[in-house]
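Report on one structure; see the data block that follows.
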Amino acid sequence: VTFLEPTISMEEFQKNLFAHTLSSKTSNFNASLKGRTTNVKLACDFCDNIILNPGDEFSYNGSVGPRTYERGFKDATVYVAGTTEEGVGGGICQVSSTIYTAALHADLEITERYNHSYTVTYVPLGEDATVVYGAKDFRFRNNTDYPIKLDISYGGSSMTVKILGTNLTNKSVKISTTTLSKTPFETVYQLDETLPVDTTKV
C-alpha cells in the first residue's frame, strides 16, 4: 500500500474557498423598459449562486433555459437578421454579456461565445456575448484549481456579476481594445415607386 499525502489540507481548502473576488462587473439598463427589465432579472436569478468545480463548464442556455411566456419571460427588443423586432426574452443578452466580461477579467477559459450583429452599449466594445436558445450559447470553463461561484445581483437599473474563487497568485487581467481600420459608409439611393414624389424613406 502506498499512501499519498494530499497537496492541501482540509483546513487550508476551506479557508481559501470563495475567499476572493476574481472579478466584478456591473452593467446598467433602462428600468422603464418593463419587459426587458423583467427578462434581465429573471436571467440573473437563474444564473445566481451557480458553483463550478475545477474543470466544470458553465452553459448560459443550460442555466437560463427556454425563454417562454410560461416561464415568466416578456416581449422586448431583440436583434434578428440585421434588424430589430419584438421577441420573447429580449434583453437577456445583457446578462450573458456581463457574465462574459466578468469571466474574461477572471481569466477563465471561454469555450463558446458570439458577438452581436450590432455593437451594444451596456458592456465595453468587444466584450458582449449574444445567445440564441438552441443555436448559440455562451460557455466558459473553470480552469482554476478551486471551485468558483457566480454571485449575481441587481438593483433598480443595474446588475452586477461577481465571480468568487481563490486567487493565490494575485493575478489580475487588463483588456484593451484597438481599432485596426475603419470602412467609411456610403449613402445609397434607390428608386421606390410606392413613395409619394419628393419624399424619402431611410
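The values are calculated or read from the model by the stated rules, or taken from the named source; none is laboratory data. Predicted, not measured: the structure shown is a model, and the values here were computed from it. Cβ placement follows ideal geometry from the backbone for every residue including glycine, while neighbour counts extend to all protein chains displayed. Surface accessibility is based on the protein's heavy atoms, side chains included, excluding ligands, DNA and RNA. Shrake-Rupley method; radii C 1.70, N 1.55, O 1.52, S 1.80 Å.
Can you find a residue in region 55-64 that is at pLDDT 95 or above and more than 19 Å from the chain's Cα centre (by Cα)? Working first, answer last.
Initially, region 55-64 is screened for residues at pLDDT 95 or above, giving 55-64.
Right, trim to more than 19 Å from the chain's Cα centre (by Cα) and you get 55.
Yes - at least one qualifying residue is present in region 55-64.
So if I check each of 48, 75, 107, which one is on the phi < 0 side of the Ramachandran plot and modelled with pLDDT of 95 or more?
Being on the phi < 0 side of the Ramachandran plot and modelled with pLDDT of 95 or more holds for just one of 48, 75, 107, which is 48.
For region 19-44, name all the residues that are under 19 Å from residue 164 (Cα atoms) and without any contact (Cβ under 8 Å) to a residue 40 or more places away in the chain.
Scanning region 19-44 gives no hits.
Residue 31: closer than 13 Å to residue 95 by Cβ and open to solvent by less than 50 Å² (accessible area, probe 1.4 Å), yes or no? Let's see the steps before the verdict.
On the way: closer than 13 Å to residue 95 by Cβ: no; open to solvent by less than 50 Å² (accessible area, probe 1.4 Å): yes.
The answer is no for residue 31.
Applying the selection to region 72-106, what residues are farther than 23 Å from residue 31 by Cβ, open to solvent by less than 70 Å² (accessible area, probe 1.4 Å) and assigned to a loop (DSSP other than H, G, I, E, B)?
Residues satisfying the conditions are 82, 106.
I'm trying to understand the selection: among the residues of region 46-71, which are part of a loop (DSSP other than H, G, I, E, B) and either of a type in the set (Val, Ile, Thr) or open to solvent by 30 Å² or more (accessible area, probe 1.4 Å) (or both)?
Restricting attention to region 46-71, the residues satisfying the condition of being part of a loop (DSSP other than H, G, I, E, B) are 48-50, 53-56, 65-68.
Passing the criteria: 48, 49, 50, 53, 54, 55, 56, 66, 67, 68.
If you scan region 62-78, which residues turn out to be touching a strand residue (DSSP E or B) at 6+ places or on another chain (Cβ under 7 Å) and polar (S, T, N, Q)?
68, 77 - these are the residues of region 62-78 that are touching a strand residue (DSSP E or B) at 6+ places or on another chain (Cβ under 7 Å) and polar (S, T, N, Q).
Scan region 113-124 and tell me whether some residue there is open to solvent by 40 Å² or more (accessible area, probe 1.4 Å), touching a Pro at 6+ places or on another chain (Cβ under 9 Å) and not in a helix (DSSP H, G or I).
Looking for residues that are open to solvent by 40 Å² or more (accessible area, probe 1.4 Å), touching a Pro at 6+ places or on another chain (Cβ under 9 Å) and not in a helix (DSSP H, G or I), one finds none in region 113-124, hence no.
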